[in-house]
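Comments concern the structure below.
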């Protein structure tokens, strides 16, 4: 529920500001705005109010929002208005350069907003990251990592004989680059692990973290109502054995529990009052309802960079540029790597990226990320997106001829169908992954 609320709040902020990016220049150029809506309102709206020529409202379908500009072929597909002679307050009557500014306004706001959010996050909380050399317990591997030869507890020294300072950048290297081998320290020895060619498709399809810092089996939080809560597990417990087998790390507990679906496991935990054993029922998905350590500072030396007000803005711009570059590379992987499209996710995938507890630094940083993603996606030259309108406007500016309105109408239909198909496909992937667990 907390993740869902964060997702809706982020999207609400981003949609309203994106649409303001269209609204403000349209108003400046004296273009009539008929509607300004957060979320879509097919058949009915949750709230609406009329101010001047504009109806402001909140729709019931939380898939975005829109500004309905008079005299424009958009997602409303209002063809009746376009049958009438152009009026001076309509979008189609404005010079091409004004229409271009209006259409670029939303993307511009998203980029600037992403930079601003990153800058303010850096100013308020600074930048914290775990250096690869400080992952003292080694890594916890998912099934894909184990399949290529990594082991729990391995310390990653390099990738293709190149070292990386920030541990979190490793997942992007594995995703974006054609990695040939990984150098690890295992039992005090340095070894090379070759990587198979089908590694990246597996990684993308599973949407896994691949490797994470290995952490002790400490209970950071327990979900109310779940089996662990009912059995008496509490925040601050350290799990020292499962079914009588000694454990030290969270991944050891997780693996045993996942292999005990629909069974009872005995957790031996250490707490201030002493050692207790709890009987916990594992559900059909192989979980019992608790989270391991969130704060890496409990076990690792975390590098902290603080920023002043002035220094935070260039740092925020740099972070935003790096984020956009990484996302473009991710899109390239989606197109070029076999079966990468199976890793596409919808609202469930996005929602899971938020913290299950309310974490303001993470919330704002991820909101900044989404703002930049929306900018990139919206500027794609696909009819029905801002980029599609910009593409046709650039054609008009260069050739000094307007595209045929009937052609624009059909292009809008085609773009909307394509976007709807992508939306359905991405969210169906989410649903299939839920049932696959």
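Only the coordinates and a few stated rules stand behind these numbers; no lab work does. In this text the structure is predicted, and so the values were computed from the model without any measurement. So basically every Cβ, Gly included, is an ideal-geometry build from the backbone, and we count neighbours across all protein chains shown.
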Item to check | Label-to-label distance, nm, for residues given as residue 328 and residue 304 (7 Å Cα→Cβ offset) | outcome: 3.5
Checklist outcome for this item: In the chain the DSSP beta bridges are antiparallel at a rate, in percent to nearest 5, of 90
Next on the checklist: Just to verify a number: FRET efficiency for residue 44 and residue 297, C-beta to C-beta distance, R0 = 51 Å, to 0.05?
Outcome noted: 0.55
Next on the checklist: What number do you get for the chain when its Cα radius of gyration is normalised by 2.2 N^0.38 Å, N = residues?
Outcome noted: 1.16
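Quick check: convex hull over the Cα atoms of region 242-282, volume per residue in Å³, rounded to an integer?
For region 242-282, the hull spanned by Cα atoms encloses 65 Å³ per residue.
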Next on the checklist: I want to check the label-to-label distance for residue 124 and residue 277. Put each point 7 Å from Cα in the C-beta direction and report it in nm to one decimal.
Outcome noted: 4.8
Checklist outcome for this item: Under the rule rounded for a/c under 1.5, else prolate if a/b exceeds b/c, else oblate, using alpha carbon gyration tensor axes a ≥ b ≥ c, region 184-326 is classed as prolate
Checklist entry - Once a ≥ b ≥ c are taken as the square roots of the eigenvalues of the Cα gyration tensor of region 271-334, is the result rounded (a/c under 1.5), prolate (a/b larger than b/c) or oblate (a/b not larger than b/c)? => result oblate
Checklist outcome for this item: Assertion target for 144, 124, ordered by fewest C-beta neighbours within 10 angstrom first, is 124, 144
Checklist outcome for this item: By the Cα gyration tensor axes a ≥ b ≥ c (a/c under 1.5 gives rounded; else a/b larger than b/c gives prolate, otherwise oblate), the shape of region 221-292 is oblate
Checklist outcome for this item: Ranked output for segments 1-14, 246-259 by mean other Cβ atoms within 10 Å, highest leading, reads 246-259, 1-14
Next on the checklist: Going by average Cβ density within 10 Å per residue, which order do the peptides 31-43, 98-110, 344-356 take, highest to lowest?
Outcome noted: 98-110, 31-43, 344-356
Checklist entry - Among the DSSP beta bridges whose two residues both lie in region 1-131, what percent are antiparallel, rounded to the nearest 5? => result 75
Item to check | Selected from 276, 242, 317 as most flexible by GNM, with the chain as the system and alpha-carbon contacts under 10 Å | outcome: 276
Next on the checklist: Given the -39500 (n - 2.57) contribution per DSSP H run of 4+ residues, what per-residue ellipticity at 222 nm results for the chain, rounded to the nearest 500 deg cm²/dmol?
Outcome noted: -14500 deg cm²/dmol
Next on the checklist: Modelling each spin label as a point 7 Å along the Cα-to-Cβ direction, I'd like the residue 401/residue 246 distance in nm, to one decimal.
Outcome noted: 8.2
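Extension gain residue 318-residue 360, at 0.36 nm per residue separation less the Cα-Cα distance, in nm?
This chain segment gains 13.0 nm when fully extended.
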